[in-house]
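For reference, the structure discussed in these notes is given below.
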């Protein structure tokens, strides 16, 4: 039972003793006492005045008197106007600590019977995973773990965007420039190889476009482009050039049409290059500690989306224009007219999402579906949900889009086509190298073998990345600083890992050396730092519940940091293994064990593992 619920039950009994009335415990408002006042928790009596027919200050006095008389866990009370401040006895905190230590999954809620599907990552197969994907993946994974901890049955899914013009660009470039090179012949991850040719296509196209701009036809075409003040004609005309004039653009579009027509040679190349990307992406996921329960592929679901479009026409939820294109009128949802199928029958972005949503409901019958993408797709998901509502899909009101802010480097924005992105693999290597360099400066770990040092650097490096990103609220745009992320001081993953190593180490050493665990039962005079740590430990269930409800892992990140900081302060001010008596030693060993256990739980919710040595 949560601590506030325990106090509500105590206060409920005290009210019955004082007034002879039964009050619903949930109507009793209890908050943490303000830091400038004496007390642990405060009962707000104003809401009880009407129910009990008495003044708030009188109610506070009578409840306080009843609590002092009958509640052994209450060591004292004070009345401040309509507020009753309660001091809890050391024995109360000691018993709470014992309960935390004994509970296998402290902080986790009972199963709620709610099935939630969460879509995240969902990359294109024309490039490797990059820093933008990293934020998406870490948010999706952590939110899925939070929902599980809050009692949901969670299904982790992604849609692999394995078809379209971007994929064809990589294929065309490989055909033209690779000379048959493969990941094996290049000794390079497959997703990196395919990404190289996506960048190569763009570079070749840009060169082609620049040359065309200097031709008479190019100069004439750009002279006719109407632009607003500050706009560049060449930039505005670029897509038109690609779609109507560019030889490279023609090759990519012809390849897409051949793919749609099922051309065997195109499909074989597509399958081969996608296979390279899948192998590369899977290696990155494995290193990040991320898995999925179900994969969907756009090459399958766009056909399902076409069926949904026809279904919409039959139900008159969608309409067809004279050119044959299919549209949804979403003005009743304060949006606009949204194209669902092109005039030639080919799908658009929203088409496959309609089909995928329907298929997922068929597969899982989920109560809720969460999409994790960058906030630049906010409008897309508003339109998707509105279109599904028009189709009267039974799950349409169960869909939610978590649009997170973009992530930049200290050097600025990234662009995939220009090759200025930071690959997820390179990022991990860089930060792990930073962690390794920092570790080499600390003499205490140089005695360990090379394998142990490498494993520690990997854990510290990945914790640095994950924590640095997840400590920021999802809706906020952020800048990632690799060097700052690995610092052992400040709000970082390694700082929390170091606190865990201390807490785990002291409890492990005590177990090895032996101590009288039962002696802790006599320890009732807790120091403020000890009391504060137990208090903080007890808030984990509420933190998990709120973080899951708000889909915000940063709340757990803040909780873990505050707990680590509190333990460092306690460690500095109080001896554990050399405590003043056996009772203090036993209690503090137990406290260290509970802190280590709770740090492990909270960091696991962020997808972070904790080393036993740093």
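For the reader, a short list of remarks on this structure follows.
- Single match in 602, 558 (criterion: assigned to a helix (DSSP H, G or I) and closer than 25 Å to residue 114 by Cβ): 602
- Residue ID - surrounded by the fewest Cβ atoms within 10 Å (Cβ to Cβ), chosen from residues in the stretch 111-126 that are touching a residue at least 60 places away in the same chain (Cβ under 8 Å) and on the phi > 0 side of the Ramachandran plot: 122
- Considering only residues in the stretch 302-317 that are without any contact (Cβ under 8 Å) to a residue 24 or more places away in the chain and in a helix (DSSP H, G or I), the one that is farthest from residue 354 (Cα to Cα) turns out to be 314.
- Test: residue in the stretch 396-415 that is at pLDDT 90 or above, closer than 20 Å to residue 314 by Cα and in a helix (DSSP H, G or I): yes
- Residues of the stretch 15-45 that are surrounded by 15 or more Cβ atoms within 10 Å (Cβ to Cβ), touching a residue at least 24 places away in the same chain (Cβ under 8 Å) and touching a strand residue (DSSP E or B) at 6+ places or on another chain (Cβ under 9 Å): 30, 33, 39, 40, 41, 42, 43, 44, 45.
- Scanning the stretch 496-529 for residues that are at pLDDT 95 or above and crowded, with 22+ Cβ neighbours inside 10 Å gives 496, 497, 499, 500, 503.
- Residues being buried (at least 21 other Cβ atoms within 10 Å of the Cβ), in a helix (DSSP H, G or I) and under 39 Å from the mean Cα position of the chain (by Cα) - total across the stretch 65-93: 2
- Residues that are touching a residue at least 60 places away in the same chain (Cβ under 8 Å) and closer than 23 Å to residue 566 by Cβ number at least 1 in the following helices (runs of 4 or more DSSP H) confined to the stretch 440-547: 450-470, 493-513, 528-538.
- In the stretch 578-611, the residues that are surrounded by fewer than 20 Cβ atoms within 10 Å (Cβ to Cβ), touching a helix residue (DSSP H, G or I) at 6+ places or on another chain (Cβ under 6 Å) and in contact (Cβ under 8 Å) with a residue 60 or more places away in the chain: 582, 583, 609, 611
- Residue list for the stretch 558-575, filter: over 20 Å from residue 543 (Cα atoms) and surrounded by 21 or more Cβ atoms within 10 Å (Cβ to Cβ): 570
- For residue 207, the conditions (1) surrounded by 15 or more Cβ atoms within 10 Å (Cβ to Cβ); (2) over 26 Å from residue 298 (Cα atoms); (3) at pLDDT 95 or above; (4) more than 38 Å from the chain's Cα centre (by Cα) all hold with the exception of (1).
- In the stretch 229-247, the qualifying residues are those that are assigned to a loop (DSSP other than H, G, I, E, B) and touching a residue at least 24 places away in the same chain (Cβ under 8 Å), and the one that is surrounded by the most Cβ atoms within 10 Å (Cβ to Cβ) is 246.
- Screening residue 169 with (1) in a helix (DSSP H, G or I); (2) touching a helix residue (DSSP H, G or I) at 6+ places or on another chain (Cβ under 6 Å); (3) touching a residue at least 40 places away in the same chain (Cβ under 8 Å); (4) surrounded by fewer than 21 Cβ atoms within 10 Å (Cβ to Cβ) gives one miss only, at (4).
- Test: residue in the stretch 248-259 that is at pLDDT 95 or above, surrounded by fewer than 19 Cβ atoms within 10 Å (Cβ to Cβ) and more than 30 Å from residue 185 (Cβ to Cβ): no
- Candidate set from the stretch 255-267 (those that are in a helix (DSSP H, G or I) and over 18 Å from residue 177 (Cα atoms)); member that is farthest from the chain's Cα centre (by Cα): 264
The rows are residues; the columns are (1) in the same structural domain as residue 548 (by TED's automatic domain parsing); (2) in contact with a helix residue (DSSP H, G or I) (Cβ under 6 Å, 6 or more places away or on another chain); (3) surrounded by 15 or more Cβ atoms within 10 Å (Cβ to Cβ).
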position	(1), (2), (3)
323	no, no, no
337	no, no, no
347	no, yes, yes
370	no, no, yes
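- Test: residue 226 is outside any helix (DSSP H, G or I), over 22 Å from residue 178 (Cα atoms) and out of contact with any helix residue (DSSP H, G or I) (no Cβ under 6 Å at 6 or more places or on another chain): yes
- Flag if residue 356 is surrounded by fewer than 14 Cβ atoms within 10 Å (Cβ to Cβ) and within 21 Å of residue 117 (Cα to Cα): no
- Unique match (being surrounded by fewer than 19 Cβ atoms within 10 Å (Cβ to Cβ), in contact with a helix residue (DSSP H, G or I) (Cβ under 8 Å, 6 or more places away or on another chain) and on the phi < 0 side of the Ramachandran plot) among 303, 313: 303
The values are calculated or read from the model by the stated rules, or taken from the named source; none is laboratory data. Just so it is clear, the model here is predicted, and its values are computed rather than measured. Heads up, the Cβs are rebuilt from the backbone with ideal geometry, glycines too, and the neighbour counts pull from every protein chain shown.
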